[in-house]
Structure formats: structure tokens, C-alpha cells
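**Student:** Please see the structure below; I have some questions.
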Amino acid sequence: FWPNAPWLSNQSVILFPALTGIAAIEFLKTFLQVKTVSKKFIWILNALNIFYIVNCVLSIAGQHQLSQQLLQPNAMIASLVIVYIAIYILRKGNRSAGFFLFAWVTFLVGIIVFIMKDIGVIPYNNFTTYILQIGSAIEVVVLSFALADKINIFRKEKEASQALALEAAEENAKIVSEQNVMLENKV
């Protein structure tokens, strides 16, 4: 991307994966409302974000080799933690977690197939060459469905609360009219 900026090209190898990891963790925390499920999960996710930030600082400080060596295990641990948290939240009854889990696992399978191609376990072909793009596209589509599902859930909750409010208002109106009749009879 930056043919005239070799420093930026070298940094991007660490910075972009680290920033992607941070973004994925922050998305998970918000999308699945992890804070409402477990403060321990928030602590773990924040620790993973700190490791990503340390990777960025090490890379900028010129410690590319060390940064790369720390980035890969951190990404693997973060991916597994994200899967675990999504499964945990799914078991708690959160439908959005099912969409998230499917999208995330699809993306991870794409990464695994891509790595297996690079190390020679499976052959190069159009599918294995473009599996990252395919996995990312599937992830985006599934997360779009998840967002639509979440919007529908919020709309149903809003309609239910409006129905309860209307019912309460009608009950209050009935009580007021009954009290008015009683007062008129007394007068």
C-alpha cells in the first residue's frame, strides 16, 4: 500500500492485525453486551487488548521480531477466548450470540485453511487463495443478519412495553371514571 514509505509498510504487518484484534474484541463486548454477563470476561478481554497495544509499541520501537512472536499467540488466544465467550453467552439464551459465533467461526476456519495452504498442508487453488476474502464476506453477511435480528428484537420489546403502557393507561382511566361515578353518587 505504501511503496514510498518502507517504515509504514514494516509497521503495518504488526499494527493492522493488532488493531483488527482490538476492534474484534471491542465489537464483541458491545454486540453481545459482555459487561452484563461477566465482569471477569471484560477483564480478560481488556488484558488481551493491552497485549495488542504492547505489540504495537514494540513494533514501533523497532522490536519487530519480538512483536511478531508475541502477536501470533495473542491472536490465537484472543480468537479462542472470543469463541468461548460467544458460546457462554449463547448458552445464556442470547440469540445474537449464535449469529456472532457462526460468523466468527466461519472467519477462523478461513484463516486456518489459508494458513494450511501457506504451509503446504493443502494445495493452492482459487478457493484456498481467496478463502480469507470468502470467510470475511460470509462473516459480514451473517453479522448483518444478526444486526437485523437484534433490531427486530428491540422493536418487539418496544411494542410490548408500549402495549403494557397502554394497558396501564386504560386501567388508570377506568379507575378514574369509576371514582368519578362514586363521587357523583356521593354528591
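The values are calculated or read from the model by the stated rules, or taken from the named source; none is laboratory data. Treat the numbers as computed from the prediction; the structure is a model and nothing was measured. Cβ: placed from backbone, ideal geometry, glycine included. Neighbour counts: every protein chain shown. Side chains are part of the model used for accessible areas, which takes the heavy atoms of the whole protein and leaves out ligands, DNA and RNA. Shrake-Rupley method; radii C 1.70, N 1.55, O 1.52, S 1.80 Å.
**Student:** Taking only region 118-163 into account, find how many residues are hydroxyl-bearing (S, T, Y) and farther than 22 Å from S96 by Cα. First the steps, then the outcome.
**Tutor:** Taking region 118-163 first, the residues hydroxyl-bearing (S, T, Y) are 124, 128-130, 136, 144, 161.
Now restrict to residues that are farther than 22 Å from S96 by Cα: 124, 128-130.
Result for region 118-163: 4.
**Student:** Which number in (1) under 30 Å from the mean Cα position of the chain (by Cα); (2) without any contact (Cβ under 8 Å) to a residue 40 or more places away in the chain marks the one condition that F145 misses?
**Tutor:** Of the numbered conditions (1) under 30 Å from the mean Cα position of the chain (by Cα); (2) without any contact (Cβ under 8 Å) to a residue 40 or more places away in the chain, the odd one out for F145 is (2).
**Student:** Give all pairs with beta carbons closer than 6 Å in which a residue from region 5-19 that is touching a residue at least 24 places away in the same chain (Cβ under 8 Å) meets a residue that is of a type in the set (F, W, Y) and open to solvent by less than 30 Å² (accessible area, probe 1.4 Å); count only pairs at least 6 apart in sequence or on separate chains.
**Tutor:** Final answer for the pair search is A18/Y52.
**Student:** Follow-up. Give the residues of region 135-144 that are in contact with a helix residue (DSSP H, G or I) (Cβ under 6 Å, 6 or more places away or on another chain) and not small (G, A, S), sorted by residue number.
**Tutor:** I138, E139, V142, L143
**Student:** Still on this structure, please answer the following. Test S12 against the criterion of being touching a Lys or Arg at 6+ places or on another chain (Cβ under 7 Å) and polar (S, T, N, Q), and give yes or no.
**Tutor:** It is false that S12 is touching a Lys or Arg at 6+ places or on another chain (Cβ under 7 Å) and polar (S, T, N, Q).
**Student:** Further question on the same structure: Just checking, which of A137, A146 is open to solvent by less than 70 Å² (accessible area, probe 1.4 Å) and either within 21 Å of L90 (Cβ to Cβ) or among the charged types (D, E, K, R) (or both)?
**Tutor:** Matching residue, one of A137, A146: A146.
**Student:** Since N4 meets every condition but one in (1) over 16 Å from V83 (Cα atoms); (2) under 15 Å from the mean Cα position of the chain (by Cα), which condition does it not meet?
**Tutor:** Only one criterion is unmet by N4, namely (2).
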